Amino acid sequence: MKIVIPILILSAAIILTGCLDDPDCNSQTTNFVNIKFYNSDNNEADTLNINGVIASGTDSVFFEEAEVSSIRLPLRPDTVQTTFVFDSELGIDTLILKYSVNTRLVSEDCGIEMVFSELEYVRSDFGSIEVVNKILVEQVTEDVKIFN
């Protein structure tokens with residue numbers, strides 16, 4: 001019995017340290033843009049009643065009948081520009097976002113990841129737009145500010 005406990009501890013230590021050699025394949029990049037709405041009079045967070053948001057060139061409808069203060073929308077990886085059409089209490093508004101899509105090799109085991117960067121707006125029917133984050137990463141909760 002005295003020899004069994006040290007063998008079990010040694011076996012557990014070998015098994016647990018064996019996992020340390022595996023690469024970290026958790027990507028921090030994303031193709032989702034986080035948009036927050038603000039009141040243009042006082043620059044404070046605001047809500048918007050949305051009937052629907054569509055991405056041009058797709059049949060996807062996002063946020064049907066919702067009151068939101070922020071939304072998270074996917075950028076198309078097959079192009080360098082995505083057009084969103086908002087149907088809201090303000091009417092029909094278009095937001096066109098332009099960006100670069102690059103790939104980078106994470107490691108041989110993990111493969112490649114897509115990096116969305118150089119985010120900017122090309123056109124907007126909203127009152128005012130501010131891009132606050134040009135590289136899309138998971139940890140960031142605000143990439144674009146829309147003022148109404």
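The values are calculated or read from the model by the stated rules, or taken from the named source; none is laboratory data. Please read these numbers as outputs of a predicted model, since none were measured by experiment. Counting neighbours? That spans all protein chains shown, and the Cβs are built from the backbone with ideal geometry, glycine included.
Summary table below
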quantity: In the range 31-70, the residues that are among the aromatic types (Phe, Trp, Tyr) and in contact (Cβ under 8 Å) with a residue 40 or more places away in the chain; calculated: PHE32, PHE37, TYR38
quantity: Sole exception among (1) closer than 30 Å to LEU105 by Cα; (2) in contact with a strand residue (DSSP E or B) (Cβ under 8 Å, 6 or more places away or on another chain) for ASN51, by number; calculated: (1)
quantity: Residue in the range 76-95 that is farther than 24 Å from GLU44 by Cα and aromatic (Phe, Trp, Tyr) present; calculated: no
quantity: Of the criteria (1) in a strand (DSSP E or B); (2) farther than 21 Å from THR30 by Cβ, which one SER100 fails; calculated: (2)
quantity: In the range 91-129, residue surrounded by the fewest Cβ atoms within 10 Å (Cβ to Cβ) [restricted to those that are small (Gly, Ala, Ser) and under 21 Å from ASN49 (Cα atoms)]; calculated: GLY91
quantity: Candidate set from the range 130-147 (those that are of a type outside the set (Lys, Arg) and not in a loop (DSSP other than H, G, I, E, B)); member that is farthest from ILE54 (Cα to Cα); calculated: VAL137
quantity: Candidates PHE147, PHE116, filtered to the one that is modelled with pLDDT of 90 or more and under 17 Å from GLN28 (Cβ atoms); calculated: PHE116
quantity: Flag if THR94 is of a type in the set (Ser, Thr, Tyr) and in a strand (DSSP E or B); calculated: yes
quantity: Single residue of VAL137, VAL144, VAL132 found to be closer than 17 Å to VAL85 by Cα and under 14 Å from the mean Cα position of the chain (by Cα); calculated: VAL144
quantity: Yes/no for LEU90 being at pLDDT 90 or above and under 28 Å from ASP59 (Cβ atoms); calculated: no
quantity: GLN81 vs. criteria in contact (Cβ under 8 Å) with a residue 40 or more places away in the chain, loosely packed, with under 12 Cβ neighbours inside 10 Å and under 16 Å from the mean Cα position of the chain (by Cα); calculated: no
quantity: Residue check, VAL85 farther than 27 Å from PHE37 by Cβ, in a strand (DSSP E or B) and either among the aliphatic types (A, V, I, L, M) or in contact with a helix residue (DSSP H, G or I) (Cβ under 7 Å, 6 or more places away or on another chain) (or both); calculated: no
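Table: residues versus (1) touching a residue at least 60 places away in the same chain (Cβ under 8 Å); (2) aromatic (Phe, Trp, Tyr).
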{"position": "ASN102", "(1), (2)": "no, no"}
{"position": "VAL106", "(1), (2)": "yes, no"}
{"position": "GLU113", "(1), (2)": "yes, no"}
{"position": "TYR121", "(1), (2)": "no, yes"}
{"position": "VAL131", "(1), (2)": "no, no"}
{"position": "LEU136", "(1), (2)": "yes, no"}
{"position": "GLU142", "(1), (2)": "yes, no"}
